[in-house]
Amino acid sequence: MYRFLSVSLRFKSRTFLLLLFAGLTSLFMTGCSDDNRKSKFQQARSEKPLSIKLNQVGYLPSGKKHALVPTSTSGNFVIKRATSDDIVYQGELEELKVWELSNDPYLKLARFSDFDDVGEFYIDVEGVPPSLPFSISPTIYDDALRAALKSYYFNRSGMALSEEYAGQWKRPVGHPDTQVNVHHSATTSSMDALTTLSSEKGWYDAGDYGKYSVNAGIATYTLLAAYEHFPQYYQAVDVAIPESGDDVADLLNELRWNLDWMASMQRHDGAVFHKLTTLEWAGIEMPHEDKSQRFMIGVSTSATLDFAATMATASRIYKDLAPNIANQWLLQAEAAWQWAVLNPDVRYVQPDDVQSGEYGDDKFVDEFFWAASELFIATGNTLYLSSIIDNEVNFGVPGWADVETLGLISLLKNAQDMLSVSEFARLESAFIKLAENITEQIPTSPYLVPMQEDDFVWGSNSVLLNKALILLTAYELNGNAKYKDAVYDSISYIFGMNPTGYSFVTGYGSLTPMSPHHRISASDGVIAPIPGMLVGGPHAGRQDECDYPYLKPADSYIDDWCSFSTNEIAINWNAPLVYVLGAINALSQ
Ligand code: 9MR
């Protein structure tokens, strides 16, 4: 923690200098219309929007529909058609308890799930400003799903983005990573620090330009799972990337960009490099402007097992599409497993000369469970089975440091015929217990989301979406509609029905992040950030030491470049957004 804080402070002072520079530059460039940088560095919003909170993207006709109204006096609400102001629905507001995690006062709930007219509407309540407009449509999340998926294309490392596919966000190639040095933390007797390796392609992890094996693991797996669970749906999802138009689903085309990179992160002895980054954080600059030397830094048990799990998963999904490469990935996954068995407790320790993200972990029982699960499914080898059965894991909500439930999902979806009846039943009941726990949390929040105090951490929005992923998987497994029904309000929360009033996905909603902590969006000279990116979301950690006007966990968010702890974007956060939107689209078709 101390180490991260000192890193943040160094980062912050560097950022401050850059902001000062940007500010001074803008003073001298007043009137220069193409200098959009200054508009990216807005001050934090200080007013709390006391508005009706609803899903700014909209609702599916068959989905649950709710809104929160800041009123202590009114008892009724009406829905009006946006084009004519005609009243098309009316209902009573329900009293809600104040949430201790937020300072939003006077909350009442408008329920209108049975209103399923297609069109554009707004909510009107006496004494309160009319709501933002919202739509109801059976295709309401189609664009958002495509944008969330396409954001990976926009975060590709080592590729020039042409206007044809990237529009106003076109950019030159950066970070080719054809000559990456091996940092002293990752050398071996046959690979010294003078060695250069090629490790091309991959997605940038987040707002920085690093590529991190641990986080790539869960992000890539989550997207692979989206395809594996809904292959027919994704076969028809075209996101206009250079590979579009071949016979392969664009989701798999996009994943291939990262899988090819991941495959290059394995050292000759089977270990996997923890990350590929520069030693210091890049400035606010475009990829092609960042010329600093990049390094393979550290190896770790977590990176190696996450790699084993992800590559084994990929090998089964690409088996028919690309048999040779799939077979190669599986061999690599097995080599990684073997290294981890011999090196079961290699933690990543951040070297003194390195600033980039840590993704440090000190317990590996979950990574062993996950890798064993995927390797068992891919090979049928009972050696892995004993590692699954003997492994005492508690199944929780997935996150980059907690991956056991990813293995559980794969087993439940793929291994019923490979496991004994009793073992499968044990795993299934553990999963349903987790889904039940999540469901039981929902009524504790007036926003109807399973978010508790502990969930408001760095990347809280992804905690919610990973819970939604669990619920949707529970629904896929046993068809109990209550799990699917519980997810609509989480989608609404992400798109604006939350205490901040922000829709947390860039470009989707009426009030959306304009200054995400994303280097490309902050330095490309385009006012709108790249669309389809989920920001981390509120929590009370304030690790970035920015100025937060609201301090309660669910309120503490600012749309400012400064806020890397609430307003950054990351591939592991966007992945459950893709999963959830794709699943809800596929399940309501
Ligand atoms: O998502 C990570 C979060 O769980 C940690 O608390 C935080 C501090 O260690 O780091 C987050 O990951 C960042 C990574 O280290 C570097 N790239 C940006 C990631 C998102 O902020």
Whole-number accessible area per residue in Å² for the chain, which is evaluated in the context of all protein chains at 1.4 Å
38
List the residues, sorted by chain then number, that are 5 or more residues from Lys65 or on another chain and whose placed amide H is less than 5 Å from its amide H.
Phe112, Ser113
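Kindly provide the GluC sites (Glu not before Pro) of segment 337-423 that DSSP labels as loop, not H, G, I, E or B, and whose Cβ sees at most 11 other Cβ atoms within 10 Å. Let's see the in-between values first.
Numbers: sites: Glu358, Glu367, Glu374, Glu392, Glu404, Glu423; in loops: Glu358, Glu392.
Answer in residue order: Glu392.
If exposed means no more than 15 neighbouring beta carbons inside 10 Å and the site is in a DSSP loop, what's the longest run of the chain without any exposed trypsin sites (Lys or Arg not before Pro)? Mind dumping the intermediate values first?
Working: sites that count: Lys97, Lys170, Lys291, Lys319, Arg347, Lys363, Arg542.
For trypsin sites (Lys or Arg not before Pro) (loop position, at most 15 other Cβ atoms within 10 Å), the longest site-free span of the chain is 364-541.
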Residue by residue through segment 84-97, what is 3J(HN,Hα) from phi via Karplus (6.51 cos²θ - 1.76 cosθ + 1.60, θ = phi - 60°)? Round to whole Hz and write x for glycine and proline.
10, 6, 5, 6, 10, 7, 9, x, 8, 7, 9, 5, 10, 6
Figure the gain on full extension for Ser292 and Ser137 (residue separation times 0.36 nm, minus the Cα-Cα span) and round it to one decimal in nm.
51.0 nm
Computed over all unlike Cα pairs, the Kirkwood hydrodynamic radius of the chain in Å stands at 24.6
What nm value, rounded to one decimal, do you get for the distance between Asp247 and Thr73 when each label is placed 7 Å out toward the C-beta?
6.8
Roughly how far apart, in whole Å, are the Cα centres of segment 525-554 and segment 223-261?
29
For a quick size check, give me the Cα extents of segment 437-529 along its three principal axes, largest first, whole Å.
48, 26, 23
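If each residue of separation counts as 0.36 nm, what is the full-extension length gain between Glu440 and Lys363 once their alpha-carbon separation is subtracted?
Computed gain between Glu440 and Lys363 is 24.9 nm.
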With a/c under 1.5 counting as rounded, go ahead and sort segment 325-431 into rounded, prolate or oblate using the C-alpha gyration tensor (a ≥ b ≥ c being the square roots of the eigenvalues; past the cut-off, prolate if a/b is larger than b/c, else oblate).
prolate
By how many nm would the segment from Glu280 to Arg347 grow when fully extended, if each residue of separation counts as 0.36 nm and the alpha-carbon distance is taken off?
22.0 nm
Once label points are set 7 Å from the Cα along Cα→Cβ at both Asp192 and Asp114, what is their separation, rounded to one decimal in nm?
7.9
Calculate the FRET efficiency for Phe424 and Glu163 from the Cβ-Cβ distance with a Förster distance of 41 Å, rounded to the nearest 0.05.
0.20
222 nm mean residue ellipticity, helices alone, for the chain (DSSP H n ≥ 4; -39,500 (n - 2.57); rounded to 500)
-12500 deg cm²/dmol
Sorted by chain and then number, the residues having a modelled amide H within less than 5 Å of the amide H of Val299, at least 5 places away or on another chain, are His274
Using the basic label-point model (7 angstrom from Cα toward the beta carbon), what is the Asp417 to Lys170 distance in nanometres?
5.0
Counting only protein heavy atoms, what percent of the accessible surface of the chain is carbon or sulfur at a 1.4 Å probe?
52
1/(1 + (r/R0)^6) with r = Cβ-Cβ of Ser386 and Glu92, R0 = 60 Å, i.e. FRET efficiency to nearest 0.05, evaluates to 0.55
A 29 angstrom limit on the alpha carbon distance is what I want to check against. Which of Lys170/Lys467; Lys170/Lys484; Lys413/Lys467; Lys65/Lys97 exceed it?
Lys170/Lys467; Lys170/Lys484
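Kindly identify segment 378-458 as rounded, prolate or oblate by the Cα gyration tensor criterion: order the square roots of the eigenvalues as a ≥ b ≥ c, call it rounded if a/c is under 1.5, otherwise compare a/b with b/c, prolate if a/b is larger, else oblate.
prolate
The values are calculated or read from the model by the stated rules, or taken from the named source; none is laboratory data. These figures come from a predicted structure and were not determined experimentally. Reconstructed Cβ throughout: ideal geometry from the backbone, glycine too, with neighbour counts over all protein chains shown. Accessible surface areas use protein heavy atoms only, side chains included; no ligands, DNA or RNA. Shrake-Rupley method; radii C 1.70, N 1.55, O 1.52, S 1.80 Å.
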